[in-house]
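Just below is one structure, and these are the notes that go with it.
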Amino acid sequence: MTVEEAARLLLAREDEKTDGPPLTDEWSDLDLETAYRIQDETLRLRLARGETLIGVKLGLTSRAKQQRMNVASPLTAWLTDAMVLPAGVPVPMDRLIHPRAEPEIVVTLGRDLEGPGVTAATALGAVEHVFAGIEIIDSRYADFRFTLPDVVADNASSGAFVTGPVARGVEGFDLSLEACSLEVDGTVVGTATGAAVQGHPAEAIALAANDLGRRGRRLRAGWIVLTGGMMDAVAVVKDSTVSASFSSLGRVVVGG
Ligand code: OOG
Ligand code: MG
């Protein structure tokens, strides 16, 4: 299989709402660099069909996520405008394969960040606003079974995301202490603080800038960055409600 064929296969699964085996079942020596080329090709195809690049998402930045998915390394992937889910709009169950919801700290950037050498402090200085968020992930692999190169190629299981009602500046706001409680139909299913994300969400933003630097790109002013799930994701089921209550960023609710 070529990079182009793999990208088309993954996008076709997304469009046809079907999952399948991970690429590495057949392509056992798929390496990370090639996997990122597949991811970039899926972005090229998304842009060619009219979507707009609006930012990046980090994946597997918390130990909870890494342990659950059995992949020990963080990764970066692309966000387009087609992934934005406005507040109050139901999760589009008709176009998702097996959606799961995870709470995330989301930021917008006021300045470009170009790696290598970006530190958490520099990254924090480039943040314009911080929001609460819920990401709806959806893997193109059956049962979310994948290796690191597989999930890189699959744009880190991107699906949709919602941002919360409160926009805060970083001044006097310790993101590592921001707490979140995740509830399904009113029952708490998990809690975490921002420290779960690489020790501090700004470390995740720096990681994305440095990772993009290696790929010859940079984080851009105006972009959105999803810093990664703070805890294990929960399945989004029809007629159920998932809500994430943050200590100072408000509450985000999504319904299946
Ligand atoms: C990979 C996507 C991970 C996150 O925030 O960790 C991700 C997956 O869990 O399927 O979006
Ligand atoms: Mg995520």
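The values are calculated or read from the model by the stated rules, or taken from the named source; none is laboratory data. If you're wondering where the values come from, they're calculated on a predicted model, not measured in any experiment. With ideal geometry, Cβ positions are generated from the backbone for all residues, glycine too; neighbour counts draw on all protein chains shown.
Overview of values
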| item | result |
| --- | --- |
| Segments classed as strands (runs of 3 or more DSSP E), wholly inside the range 177-251, with at least 1 members that are charged (D, E, K, R) | 179-184 |
| In the range 130-155, residue nearest to D31 (Cα to Cα) [restricted to those that are in a helix (DSSP H, G or I) and either within 8 Å of ligand 1 (Cβ to nearest atom) or among the small types (G, A, S) (or both)] | A153 |
| Identity of the residue in the range 33-76, of a type in the set (D, E, K, R) and in contact (Cβ under 8 Å) with a residue 40 or more places away in the chain, that ends up farthest from T191 (Cα to Cα) | D40 |
| Residues being buried (at least 18 other Cβ atoms within 10 Å of the Cβ) and either under 19 Å from S248 (Cα atoms) or not small (G, A, S) (or both) - total across the range 148-167 | 11 |
| The lone exception for L30 - which of (1) closer than 30 Å to A202 by Cβ; (2) more than 18 Å from the chain's Cα centre (by Cα); (3) hydrophobic (A, V, I, L, M, F, W, C); (4) in a loop (DSSP other than H, G, I, E, B) it fails | (1) |
| Leading residue by the ranking (surrounded by the fewest Cβ atoms within 10 Å (Cβ to Cβ)) among those in the range 72-98 that are assigned to a strand (DSSP E or B) and away from ligand 1 (no atom under 14 Å from the Cβ) | V84 |
| Residue that is farthest from V107 (Cα to Cα) [pool: residues in the range 216-234 that are small (G, A, S) and within 14 Å of ligand 1 (Cβ to nearest atom)] | A233 |
| Test: residue in the range 50-61 that is part of a loop (DSSP other than H, G, I, E, B), at pLDDT 95 or above and within 11 Å of ligand 1 (Cβ to nearest atom) | yes |
| Qualifying residues in the range 99-121 (those that are within 16 Å of ligand 1 (Cβ to nearest atom) and not acidic (D, E)) - the one surrounded by the fewest Cβ atoms within 10 Å (Cβ to Cβ) | R100 |
| From the options A126, A121, A132, residue that is more than 30 Å from R8 (Cα to Cα), within 16 Å of ligand 2 (Cβ to nearest atom) and not charged (D, E, K, R) | A132 |
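Here's the yes/no breakdown for (1) modelled with pLDDT of 95 or more; (2) within 16 Å of ligand 2 (Cβ to nearest atom); (3) surrounded by 20 or more Cβ atoms within 10 Å (Cβ to Cβ):
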site	(1), (2), (3)
L182	yes, yes, yes
G190	yes, yes, no
I205	yes, yes, yes
G213	yes, no, no
V234	yes, yes, no
F246	yes, yes, yes
G256	no, no, no
